[in-house]
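Okay, so here's the structure we're looking at.
What follows draws every value from the coordinates through simple rules; no lab data is involved. It should be emphasised that the depicted structure is a prediction, and the values quoted were computed from it without experimental measurement. Neighbour counts run over all protein chains shown; Cβ positions are idealised from the backbone, glycine included.
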Amino acid sequence: MNTGFEQMNEYGKDRIPFLFVIDFDGNQVIVTPLDQVDRSLMLYSFNGKSNMDKPMSIKDKLTFRITPISRERYQKAFKLVQQHLHYGDSFLLNLTMPSVLESNYSLQEIFYSAHARYQLWMKDRFVVFSPETFVTIKENIIRSFPMKGTIDASIADAERKLLESEKELAEHYTIVDLIRNDLSMVSKNVRVERFRYIERLETHRHCLLQMSSEIAGDLASEYHKNIGTILSKMLPAG
């Protein structure tokens, strides 16, 4: 287990609030007590908790120029994914590809301009924002909120079309099953408390409807002593 996860266990045991940043495969783990986060190097805004001092004054209008990958490159990756799905090597796969993005804003300006449930900026490295809650823990109950399925809210009967989509239903069943398995590794009495509920998501372009589910499990009474171990077992998600 990465030493960062072990450090999280120590902070949890001592009841020290901390910020953690983990890459997809868990090889890079940054762990810092909240009162030691340097605002000149890292800014965060997580569902109402933030270390932002004051809003940044930005005069220019945000512009983006996106250079996507070639259709040929994407088609090759798409066919490979389909092949492995047909072979049964995976039940669900997110196919993502890098795109060149140019903007008149700095990463920090993008951070201050974004409006998302979760936002993070690391100086000279990246900015990220997301509406999706991975896990929450409260009163010894761990919850996860997998999100699968979005639709433009301006489309007529958008909510009904999203809920009746066979593709979205199949994806949602799969991700809920995978996250249930993940929670079963760290908790007991795993159950689906809400299945396919709809929320509105505002983006800089338009409003979306997103479909999520809520899955819960019961943790041991002293789970905080193993908070790093719990997260390491659940990553990568699904």
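Each Cα pair under 8 Å and six or more residues apart adds its separation to the average, and for the chain the resulting relative contact order is 22 percent. Size descriptors for the range 92-236 (Cα atoms only): Rg and Dmax, in that order, 17.5, 50 Å.
Students often get this wrong, so check it: of 49/123; 167/233; 148/233; 49/225; 167/225; 49/188, which have C-alpha atoms separated by over 31 Å?
Table pairs above 31 Å Cα-Cα are 167/225.
Shown in residue order for the range 119-136 are the 3J(HN,Hα) couplings computed by the Karplus curve 6.51 cos²θ - 1.76 cosθ + 1.60 at θ = phi - 60°: 9, 8, 10, 10, 3, 6, 10, 6, 10, 9, 9, 8, x, 9, 8, 6, 9, 10 Hz (x for Gly and Pro). With θ taken as phi - 60° and the Karplus curve 6.51 cos²θ - 1.76 cosθ + 1.60 applied, the whole-hertz 3J(HN,Hα) list for the range 56-73 is 8, 7, 10, 8, 6, 7, 5, 10, 10, 10, 9, 10, x, 5, 6, 4, 5, 5 Hz, x standing for glycine and proline. Toward the positive end of the charge dipole of the range 131-238, with +1 on the Cβ of Lys and Arg and -1 on the Cβ of Asp and Glu, the farthest Cα among 131, 185, 197 is that of 185. Annotation: the residues 52, 211, 147, sorted from fewest to most other C-beta atoms within 10 Å of their own C-beta, follow the order 52, 147, 211. The equivalent ellipsoid that matches the C-alpha gyration tensor of the range 66-116 spans semi-axes of 33, 15, 5 angstrom, in descending order.
Charged side chains reduced to their Cβ positions (Lys and Arg at +1, Asp and Glu at -1) give the chain a dipole of some 280 debye around its Cα centre. Per residue of the chain, the DSSP helices (runs of n ≥ 4 H) give a summed -39500 (n - 2.57) that works out to -9000 deg cm²/dmol at 222 nm.
When only Cα pairs under 8 Å and 6 or more residues apart are kept, what is the percent relative contact order across the range 75-149? It would help to have the intermediate numbers written out before the result.
Numbers: 60 pairs, mean separation 11.9, N = 75.
Taking the mean separation of contacting Cα pairs over the length of the range 75-149, I get 16 percent.
Fewest first, what order do 46, 64 take by the number of other Cβ atoms within 10 Å?
Lowest count first: 64, 46.
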